[in-house]
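Report on the following structure.
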Amino acid sequence: MSTLTILAGGALALFAVGLYGLLITRNMIKVVVALQILVKAALLALVVAGKASDQINLGQSLAMTVIVADTVVAVIGLALAVQVKRVLGTMDLTELSKLRG
Amino acid sequence: MAIRARRLLVAAMWLAGVSALVAIVLYRLGAQQVAVVELSVGAGLVTVLFVFAISIAGEEGLSEREFIPNELAIGLLVVFGGLLAVMDLPMDELGVSLSEAEFASIFWEDRELDVLLQLVFIFTGVVTMLGVLADVRKPSRIKKRSDIPQAHINPAFGTDKHVPQPVLQPVAPSETQPESSKETPA
């Protein structure tokens, strides 16, 4: 088994962990944590794919964009969670989904 | 463990660990620039943001739905760690090459639309964060006019007559010349 195959498997495992966290978690901040793990798996997969196709610099360039987008998503998600907690008093997604009006 | 940790602060610390691990793997793959950015942004800035948000919002312990048992989660963690350990052994055959100039040319010349997109992302993130974090007032919190203490204003303030300031008169050019220049040469 080559190293790149192992790394691709690692990226897939990381993706599975992030998806699992996204499915089971109810806290808004933990949802952002799970999203971060998902994006890190995508980042790893991009660089591995670049290495496998002998275009590591192109993979790096795309990964840089993913890092910026990931950071912006984290910032907006955390700001939203803080504001929801401040206004509604909870970060529980099941509670928030029951809100009407 | 970042997902299964009960405390949010512990989950944030585990996320920083995952980020550092990914940065190490990226470095070993030959993506040094991305590894450095990932380590500084992913493990540094984002962790600080998480700690900041948790300190504002507070810990809210919520029990997750148990889809898989705890033992299986730890087993998955051990398997992933084993994969990383096995990966580390034959890494030398990958042939890491330092090609910084080539990356710079691709990043700044071939992918300049990506750079523009990143700037748009950053600008959008800053504006959105400022908008979301702006102080939202509940209607019950707004004070009545009678509740607001009136400012003590000096009654004599504003009654004084306006004293006009002296107007500057233009100075004749002959008065501004130095004494030496006024003397006529012999």
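The values are calculated or read from the model by the stated rules, or taken from the named source; none is laboratory data. Since this is a predicted model, take the numbers as computed values, not measurements. When we count neighbours, we look across all protein chains shown, and the Cβ atoms used for this are built from the backbone with ideal geometry, even at glycine.
Please verify whether residue A:94 is assigned to a helix (DSSP H, G or I), without any contact (Cβ under 8 Å) to a residue 12 or more places away in the chain and among the hydroxyl-bearing types (Ser, Thr, Tyr), treating the condition exactly as stated. Criteria not met by residue A:94. Considering region B:1-118, the qualifying helices (runs of 4 or more DSSP H), each wholly inside and each with 1 or more residues that are more than 20 Å from residue A:21 (Cβ to Cβ) and at pLDDT below 75, run over B:70-88, B:100-105.
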